[in-house]
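Here's the structure we're looking at; comments come further down.
The values are calculated or read from the model by the stated rules, or taken from the named source; none is laboratory data. Bear in mind that the values here come from a model prediction, so they are computed numbers and not experimental data. In this analysis, Cβ positions are derived from the backbone assuming ideal geometry, glycine residues included, and neighbour counts consider all displayed protein chains.
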Amino acid sequence: MTTRFRAERAHDDEADGAGAMPAPYCCGMDSVTTIELVGDVYVVTLRGEIDAFTAPSLREDLRHLVEDTGAVSVVVDLEAVVFLDSSALGALVGTLRRLRERDGQLRIVQPGTAASRIFELTGLDAVLDLYPDRAAALSAASE
(Lines give C-alpha, C1' and ligand atoms only; values in the text may rest on other atoms or scores of the structure.)
Protein backbone atom coordinates (compact mmCIF):
# COMPACT_ATOMS: atom_id res chain seq x y z
CA MET A 1 0.00 0.00 0.00
CA THR A 2 1.26 3.46 -0.88
CA THR A 3 0.03 6.52 0.98
CA ARG A 4 0.97 9.93 -0.41
CA PHE A 5 0.92 13.31 1.24
CA ARG A 6 2.69 16.61 0.81
CA ALA A 7 4.58 18.35 3.53
CA GLU A 8 2.83 21.66 4.08
CA ARG A 9 4.87 24.72 4.98
CA ALA A 10 3.89 28.22 5.82
CA HIS A 11 5.67 30.78 3.67
CA ASP A 12 5.89 34.52 3.42
CA ASP A 13 4.78 35.94 0.08
CA GLU A 14 6.13 39.40 0.81
CA ALA A 15 9.28 40.69 -0.82
CA ASP A 16 12.12 41.55 1.53
CA GLY A 17 13.50 45.09 1.87
CA ALA A 18 15.84 44.49 -1.06
CA GLY A 19 12.93 43.61 -3.33
CA ALA A 20 13.76 39.89 -3.54
CA MET A 21 10.99 37.35 -3.19
CA PRO A 22 11.46 34.66 -0.53
CA ALA A 23 12.43 31.15 -1.57
CA PRO A 24 11.31 29.23 -3.53
CA TYR A 25 9.96 32.08 -5.64
CA CYS A 26 13.35 33.77 -6.10
CA CYS A 27 14.56 30.88 -8.23
CA GLY A 28 11.31 29.59 -9.67
CA MET A 29 11.82 26.24 -7.95
CA ASP A 30 9.00 24.29 -6.32
CA SER A 31 10.21 23.30 -2.87
CA VAL A 32 7.28 21.08 -1.91
CA THR A 33 8.48 17.77 -0.55
CA THR A 34 6.44 14.70 -1.43
CA ILE A 35 6.34 12.01 1.24
CA GLU A 36 4.91 8.55 0.59
CA LEU A 37 4.47 5.56 2.82
CA VAL A 38 5.38 2.47 0.78
CA GLY A 39 4.73 -0.53 3.02
CA ASP A 40 6.60 0.46 6.17
CA VAL A 41 9.15 2.69 4.38
CA TYR A 42 8.75 6.45 4.13
CA VAL A 43 9.91 7.77 0.76
CA VAL A 44 10.77 11.46 0.65
CA THR A 45 10.99 12.69 -2.94
CA LEU A 46 12.72 15.99 -3.68
CA ARG A 47 13.26 17.90 -6.89
CA GLY A 48 15.00 21.03 -8.09
CA GLU A 49 17.61 22.76 -5.95
CA ILE A 50 18.25 22.02 -2.28
CA ASP A 51 20.27 24.92 -0.93
CA ALA A 52 20.47 27.34 1.99
CA PHE A 53 16.98 28.65 1.14
CA THR A 54 15.20 25.29 0.96
CA ALA A 55 17.27 23.09 3.29
CA PRO A 56 15.72 24.43 6.54
CA SER A 57 12.26 23.27 5.47
CA LEU A 58 13.70 19.93 4.35
CA ARG A 59 15.44 19.58 7.71
CA GLU A 60 12.14 20.27 9.51
CA ASP A 61 10.19 17.83 7.29
CA LEU A 62 12.73 15.08 8.00
CA ARG A 63 12.87 15.88 11.73
CA HIS A 64 9.06 15.69 11.92
CA LEU A 65 9.04 12.41 10.01
CA VAL A 66 11.50 10.73 12.38
CA GLU A 67 10.72 12.32 15.74
CA ASP A 68 6.97 12.97 15.50
CA THR A 69 5.81 10.29 13.06
CA GLY A 70 8.20 7.63 14.36
CA ALA A 71 9.65 6.63 10.99
CA VAL A 72 12.59 4.21 11.28
CA SER A 73 13.03 3.37 7.60
CA VAL A 74 13.41 6.34 5.27
CA VAL A 75 14.39 6.60 1.60
CA VAL A 76 15.26 10.09 0.36
CA ASP A 77 14.89 10.17 -3.42
CA LEU A 78 17.17 12.82 -4.92
CA GLU A 79 16.89 11.57 -8.50
CA ALA A 80 15.24 14.82 -9.71
CA VAL A 81 17.55 17.12 -7.72
CA VAL A 82 19.81 19.28 -9.87
CA PHE A 83 21.78 21.01 -7.10
CA LEU A 84 22.75 20.21 -3.49
CA ASP A 85 24.87 22.28 -1.16
CA SER A 86 26.34 21.70 2.29
CA SER A 87 23.11 22.72 4.02
CA ALA A 88 21.28 19.92 2.18
CA LEU A 89 23.97 17.45 3.18
CA GLY A 90 23.66 18.65 6.77
CA ALA A 91 19.93 17.91 6.72
CA LEU A 92 20.63 14.37 5.45
CA VAL A 93 23.39 13.69 7.98
CA GLY A 94 21.17 15.01 10.79
CA THR A 95 18.43 12.62 9.70
CA LEU A 96 20.90 9.74 9.58
CA ARG A 97 21.93 10.51 13.18
CA ARG A 98 18.30 10.66 14.37
CA LEU A 99 17.49 7.38 12.65
CA ARG A 100 20.57 5.61 14.02
CA GLU A 101 19.55 6.68 17.55
CA ARG A 102 16.32 4.73 16.92
CA ASP A 103 18.02 1.75 15.20
CA GLY A 104 16.62 3.02 11.91
CA GLN A 105 17.97 3.23 8.37
CA LEU A 106 18.37 6.05 5.86
CA ARG A 107 18.79 5.21 2.21
CA ILE A 108 19.56 7.84 -0.41
CA VAL A 109 18.69 7.64 -4.12
CA GLN A 110 21.46 9.58 -5.81
CA PRO A 111 20.66 12.50 -8.08
CA GLY A 112 20.51 11.64 -11.75
CA THR A 113 22.68 14.68 -12.49
CA ALA A 114 26.19 15.88 -11.75
CA ALA A 115 24.85 16.82 -8.30
CA SER A 116 25.60 13.22 -7.24
CA ARG A 117 29.32 14.02 -7.26
CA ILE A 118 29.01 15.99 -3.99
CA PHE A 119 28.72 12.71 -2.06
CA GLU A 120 32.07 11.53 -3.41
CA LEU A 121 33.79 14.90 -2.96
CA THR A 122 32.72 15.15 0.69
CA GLY A 123 33.39 11.50 1.56
CA LEU A 124 29.73 10.97 2.43
CA ASP A 125 29.56 8.13 -0.07
CA ALA A 126 31.38 6.11 2.63
CA VAL A 127 28.88 7.14 5.34
CA LEU A 128 25.50 7.15 3.60
CA ASP A 129 23.75 4.19 1.98
CA LEU A 130 23.54 5.39 -1.65
CA TYR A 131 21.49 3.71 -4.37
CA PRO A 132 21.25 4.33 -8.13
CA ASP A 133 17.44 4.33 -8.19
CA ARG A 134 14.33 4.15 -6.05
CA ALA A 135 13.67 0.47 -6.75
CA ALA A 136 17.12 -0.53 -5.45
CA ALA A 137 16.68 1.58 -2.29
CA LEU A 138 13.24 0.12 -1.59
CA SER A 139 14.52 -3.40 -2.24
CA ALA A 140 17.33 -2.86 0.28
CA ALA A 141 14.84 -1.44 2.79
CA SER A 142 12.71 -4.59 2.61
CA GLU A 143 15.62 -6.93 3.36
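For the stretch 76-87, how many residues are out of contact with any Pro (no Cβ under 6 Å at 6 or more places or on another chain) and either surrounded by 22 or more Cβ atoms within 10 Å (Cβ to Cβ) or over 24 Å from THR122 (Cα atoms) (or both)?
Matching residues across the stretch 76-87 total 3.
Quick check, is SER73 surrounded by 11 or more Cβ atoms within 10 Å (Cβ to Cβ) and modelled with pLDDT under 95?
Answer is no for this residue.
Do we have ALA55 as among the small types (Gly, Ala, Ser) and within 10 Å of the chain's Cα centre (by Cα) here?
Yes: the conditions hold for ALA55.
Determine which single condition GLU143 fails, assuming it passes every other condition in (1) farther than 15 Å from VAL43 by Cα; (2) in a helix (DSSP H, G or I); (3) out of contact with any Phe, Trp or Tyr (no Cβ under 8 Å at 6 or more places or on another chain).
The single condition GLU143 does not satisfy is (2).
Are any residues in the stretch 75-87 among the β-branched types (Val, Ile, Thr) and over 10 Å from the mean Cα position of the chain (by Cα), and if so, which ones?
Selection gives VAL82 alone.
With the requirement that a residue be under 11 Å from the mean Cα position of the chain (by Cα), within 15 Å of VAL66 (Cα to Cα) and either among the aliphatic types (A, V, I, L, M) or surrounded by fewer than 19 Cβ atoms within 10 Å (Cβ to Cβ) (or both), what does the stretch 97-143 give you?
Passing the criteria: only LEU106.
Exactly one of these conditions fails for GLU49: (1) touching a Cys at 6+ places or on another chain (Cβ under 7 Å); (2) farther than 19 Å from THR33 by Cβ; (3) charged (D, E, K, R). Give me its number.
Here GLU49 meets the rest and fails (2).
Across the stretch 34-84, what is the total count of residues that are closer than 25 Å to ALA114 by Cα and in a strand (DSSP E or B)?
Residues in the stretch 34-84 being closer than 25 Å to ALA114 by Cα and in a strand (DSSP E or B): 21 in total.
Would a scan of the stretch 89-101 turn up a residue that is in a helix (DSSP H, G or I), closer than 16 Å to GLU36 by Cβ and touching a residue at least 24 places away in the same chain (Cβ under 8 Å)?
no
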